[in-house]
Structure formats: C-alpha cells, structure tokens
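Nothing in this text is a laboratory measurement; each read-out follows from the coordinates by a stated rule. For clarity, every value in this text was computed on a predicted model and none was experimentally measured. Positions of Cβ are generated from backbone atoms using ideal geometry, with glycine treated the same way; all protein chains shown enter the neighbour counts.
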Amino acid sequence: MCEDDGEIMKAAWYERQGAARDVLRVGKMDEARPLAGEVRIRIAFSGVNPGDVKKRQDAFGVGMPYPRVIPHSDGSGTVDAVGEGVSREWAGRRVWCYGAQSYRPFGTAAEYTVLPLKQAVPLPENVPLEQGACLGIPGITAHRAVHVAGPVEGRTVLVQGGAGAVGACAVQLAHQGGARVIATCRAERDKEIASRAGADEVLLTGENLVERIRALAPDGVHHVVEVAFGANIESDMELLAQDGSIAAYATNAPRPEIPFWQLVFVNARIFFVGSDDVPADAKIGATRAINQAFEAGWQGFEIAEIVPLDQIARAHELVEHPVKPGRVVVAVAA
C-alpha cells in the first residue's frame, strides 16, 4: 500500500479488539500511497459511527479481519494525490468519503487515507468539512432505507427514531423525495432535530403511539424506516397500509419474533439494510441525493463534540455513552 520512501503519517489503530482505552493507539506509520484508480485524501475530520465502535469491540463476533485496523469509514478532507488513471483535476478538491474501512484495513482515523475514486464525493462549497465527515454510513443507510421499496413521492413515511443520525437523514431524504414524513423520538429535546430535518409531524414514543399515528394517517403508513426492529415490529405491523413496507437498519434484539400472519394479510415487504452492503449504484445515488439536500438548504447533522485524534479513545466512549445529542467527530488535521 505504501512506497518504502521513509515518509510517515500520524494515525490511530488497534491490533486487537476490546475497550477503547485498552486497544486504541496513536502513533506514526508509513504514509498511504494511492494505487491505480485511487485517490489519497488528506483527512481533516474523521466521523465516528456506532459500527466503528462495534467493530473495535468485536460486537458481531467476527474477530480481527486484518492484523492492524485504522478505524472509521467516513471522513472529509482534500484530495492531495491521485493514482494512475485518475484525472489530476481531482487534486485539491474538498471531498467527503465513505467505506474507507468497509472490507478494508485502513480507515480515516489518520492523516491520509486512500480509496477508490468512486468513494470520494465532492463536498459542496457551503458545507463545512466537519459536516462532511458525518455523511457516509448514516447517509447511505438512510437513503437506502427510504428508497429501497420504491419512490416515496406522495406516500406517508414513518421514521422511527427520527432524531438519530440515520433517522434525521432519512427524514430529510424522504422529505426531499416528496413524502409526507411522520417521525418519532424519545425525548422532547429531540423533536426539534426531527422537525428541522423536515418532518411534517413529530411524536414522542410512549403511551398510545399507534393510536396517535393512526389519527395522522388513518389509511395507514406506506413505508417505515426502522431503528429498533424487534421492539417496534408489532406496532409497525398495526400501522402498515396494504402492500406497505418496512426497512430496518438496526434492532434492539438480535433474534426478534415477528407477527407473521398479520404481515402476510397486509402483503407487507420487509427489507434489511446494512450500509456496507448496499448495491454500488444505490450508494452513488445516495451520495448525489445527500449533496442535493445540502444544495437545497439542509443544514446537516448536529455535531455534539469534536475530539482531537490524540483523544480518539474518548471519542469512541462518547459514541458508546452519549452525553448529548449529535455526532462525534475526530479532528485529524493539525
């Protein structure tokens, strides 16, 4: 991956899985070099997602996929080198990137990262670089979850957890797609986040939620974007219109039970969405839609805290145990 020319870069990595402070290290390693079809990005900010934390914890039980992992799939910065076959016009462009550590060992928690050109997306000039670091996994997941069952224009979309990173982005993308959007959230302070993202109605979870949603959508909900599949499948089923659909990207229980016959009777469709494995053309479509949302005036994600690379363990702990709403971003550039 690197030429042996003695150049080094600052990076964070782990060589075994476990608690953040036990396994994350910050130091120097060989500077990344782009191969054919790749670009190198000088990283300004690295986004921390729950999936990055889970990989480091081995929450999925798959072990270490590589001897050394530089974490984080999402980031932003400036293209400073290109590989063979890539136009030099890319050099100097502000970009956001995705999938840097998806089936790859070296992510964005480093001064430089290299990845295929298709995974580098021009960042609109009005969008701050720290915002660009938040877009990849939440944006691609949200776009796929909103559109996987087909166009949403003129339809009613329910976004469960509309104040989270994926949820707020799903609210915005469903709104941009012409849907009527109903969002749920758990706390009064979160309602503003979902509303600002473009929700037409925001409801707090709790007593009589199904009845309250039915009052807003008496003919049923056409599509549900679901953050807690196990906890909400019963209520989602009660709310679905005939031929309705559910796109689940997370669950509170790894082996949830489902009301099979009730779902059969409404001809429900259920989709399971994981951002790493979204089809390539859908990822490209998602990046375009996300940029279009910014160009249309979306302000993006609330950022809870920006943490320096030297304190990356603290950044992971803030994702594990949030102290306030919003994204956690690691500042890489000095």
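With a simple spin-label model that places each label point 7 Å from the Cα along the Cα-to-Cβ direction, the separation between Ser87 and Gln57 comes to 4.4 nm.
Over the chain, dividing the summed -39,500 (n - 2.57) contributions of all DSSP H runs of at least 4 residues by the number of residues returns a 222 nm mean residue ellipticity of -8000 deg cm²/dmol. With θ taken as phi - 60° and the Karplus curve 6.51 cos²θ - 1.76 cosθ + 1.60 applied, the whole-hertz 3J(HN,Hα) list for segment 200-205 is 6, 9, 10, 10, 6, 5 Hz, x standing for glycine and proline. Backbone phi angles across segment 323-329, fed through the Karplus curve with coefficients 6.51, -1.76 and 1.60 (θ = phi - 60°), yield HN-Hα couplings of 9, 7, x, x, 7, 10, 10 Hz in residue order; Gly and Pro are listed as x. Taking GluC sites (Glu not before Pro) as exposed when their DSSP state is a loop state and no more than 12 other Cβ atoms lie within 10 Å, the longest site-free interval of the chain runs over 258-334. The modelled label-to-label distance between Asp243 and Arg189, using points 7 Å beyond Cα along the C-beta direction, is 4.4 nm.
The H on the amide N of Val307, modeled in the peptide plane, is under 5 Å from the matching H of Val329, Val330, Ala331, each at least 5 residues off or on a different chain.
For segment 138-276, the square roots a ≥ b ≥ c of the C-alpha gyration tensor eigenvalues yield an a/c under 1.5, which makes the shape rounded. Within the listed set Ala145, Ala44, Ala241, the residue fluctuating most in the Gaussian network model of the chain (springs between alpha-carbon atoms under 10 angstrom) is Ala241.
Under 5 Å between amide hydrogens, built in the peptide plane, is the criterion, and for Arg40 it picks out Asp80, Ala81, Val82, Gly83 among residues at least 5 positions away or on other chains.
Of Ala59, Ala248, Ala293, the residue with the greatest mean-square motion in the GNM of the chain, using alpha carbon springs below 10 Å, is Ala59. From the Cα gyration tensor of segment 268-319, with a ≥ b ≥ c the square roots of its eigenvalues, which class applies: rounded if a/c is under 1.5, or else prolate if a/b is larger than b/c, or else oblate? It is oblate, given that a/c is not under 1.5 and a/b is not larger than b/c.
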